[in-house]
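Student: The structure follows.
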Amino acid sequence: MKIKLLTRSSDLNKILLAKLNQIGLTGEIIDYKNPLLPQLEDAEVIVNGFGNIDKSMIDACPNLELVQQTGIGIDNVDVSYCTSKSILVANVPLANAVSVAEHTIFLILYLAKNMKESNSDNNRSGLLERRVPGILGSEVQGKVLVIIGLGATGLEVAKRAKSFGMHVIAVTKNPLLKKPGIDKVYFVDNLGGSEILSESLSRADYVSLHTPLTEETKNMIGTKELSLMKKSAFLVNVSQAAIVDREALFSVLSNSKISGAAFDVFWEEPPDTTDKLLKLHNFILTPHIAGWTFESVDAIARIISNNIERFAQAQVPLTIVNPELAY
């Protein structure tokens, strides 16, 4: 079986190859320094990170039967076209929920403690001074956190935020839908659907995004939504950059309409270092590392290898996203 690893992560590649070897399979790491299509054209399975699996790539791989994403997102895969060509698509949900939640709390605390101002170009001695004059942080206890998207990661954020004494409001699709063993109401103070979004944004001290990117959620945080937030509020995004309207965000940050934003994702990755957002004193960007830990990478590799093993045995991958192809 031709398994091609279209991922830039040497850590994931190493662990995944070892797990595949344990089940008698091998994989080939794609060299990004050379043209991709000649390396992929005989693939039966593509393990994909941030590659764009579009119609042209699918047509160039006539033997392709499974596209296995390395994360939960599938916005870079033409799932409809894959389905029309009887190509299975699977993702990796849940594996990095704790890692992403911990990074979210880190960003909230970083914003709360005003760390970027303390270590800005104008305060290069900040790390050497006991306190930087004129710069104060704040506590998160008692502050209002609005979580948009109460899935696996959103729930983990809610648990941690509650332990800090924050007031947690969750805006999520199907808020009353219960999963076995999980009662969302237990982890938040207020829970509702899109009907409470506007009111929640106006109350928020922190807004944290944990919804997948779909046609429905693209640019869902735009000029109107940002204008509802308090001047003292912060926006955190560890989900997908395109959930936020880029120009609207730049406008509110550059005019100090909100206090700041911290993202672990960007509209282009890696970002252009001259991008105007990166020049703002109140915008923080980490390099898409929220879900990248020893524990999460091992879990991701385990799920992927299990899916590929099932596929090799003519069984349906456990995390298939086009189940209409289940055989």
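The values are calculated or read from the model by the stated rules, or taken from the named source; none is laboratory data. Source: prediction; values computed, not measured. Heads up, the Cβs are rebuilt from the backbone with ideal geometry, glycines too, and the neighbour counts pull from every protein chain shown. Ligands, DNA and RNA are excluded from the accessible area calculation, which covers all protein heavy atoms including side chains. Shrake-Rupley method; radii C 1.70, N 1.55, O 1.52, S 1.80 Å.
Student: Answer with yes or no whether Ile15 is surrounded by 13 or more Cβ atoms within 10 Å (Cβ to Cβ), of a type in the set (Val, Ile, Thr) and without any contact (Cβ under 8 Å) to a residue 40 or more places away in the chain.
Tutor: Answer is no for this residue.
Student: Separate question: So how many residues does region 197-217 have that are free of Cβ contacts under 8 Å to residues at least 60 places away in the same chain and touching a strand residue (DSSP E or B) at 6+ places or on another chain (Cβ under 6 Å)?
Tutor: 3
Student: List pairs: first in region 219-231 and touching a residue at least 24 places away in the same chain (Cβ under 8 Å) and at positive phi, second in a helix (DSSP H, G or I) and among the β-branched types (Val, Ile, Thr), Cβ under 9 Å, 6+ apart or cross-chain?
Tutor: Asn219/Ile243
Student: Okay, moving on. Restricted to region 1-12, and to residues that are among the polar types (S, T, N, Q) and either under 23 Å from Ser56 (Cα atoms) or open to solvent by 40 Å² or more (accessible area, probe 1.4 Å) (or both), which residue is nearest to the chain's Cα centre (by Cα)?
Tutor: My answer is Thr7.
Student: Just one of the numbered conditions (1) touching a strand residue (DSSP E or B) at 6+ places or on another chain (Cβ under 9 Å); (2) under 25 Å from His103 (Cβ atoms); (3) not hydrophobic (A, V, I, L, M, F, W, C) is not true of Asn322; which one?
Tutor: (2)
Student: Take the residues of region 254-269 that are hydrophobic (A, V, I, L, M, F, W, C) and open to solvent by less than 50 Å² (accessible area, probe 1.4 Å): which is farthest from Lys113 (Cα to Cα)?
Tutor: By that ranking, first place goes to Phe266.
Student: Taking interchain pairs and intrachain pairs at least six residues apart, which have beta carbon atoms under 8 angstrom, with the first residue in region 135-148 and without any contact (Cβ under 8 Å) to a residue 60 or more places away in the chain and surrounded by fewer than 19 Cβ atoms within 10 Å (Cβ to Cβ) and the second assigned to a loop (DSSP other than H, G, I, E, B) and of a type in the set (D, E, K, R)?
Tutor: Gly137/Lys113; Ser138/Lys113
Student: Are any residues in region 199-236 surrounded by fewer than 18 Cβ atoms within 10 Å (Cβ to Cβ), under 21 Å from Glu247 (Cβ atoms) and of a type in the set (Ser, Thr, Tyr), and if so, which ones?
Tutor: Hits for region 199-236 are Thr214, Thr223, Ser227.
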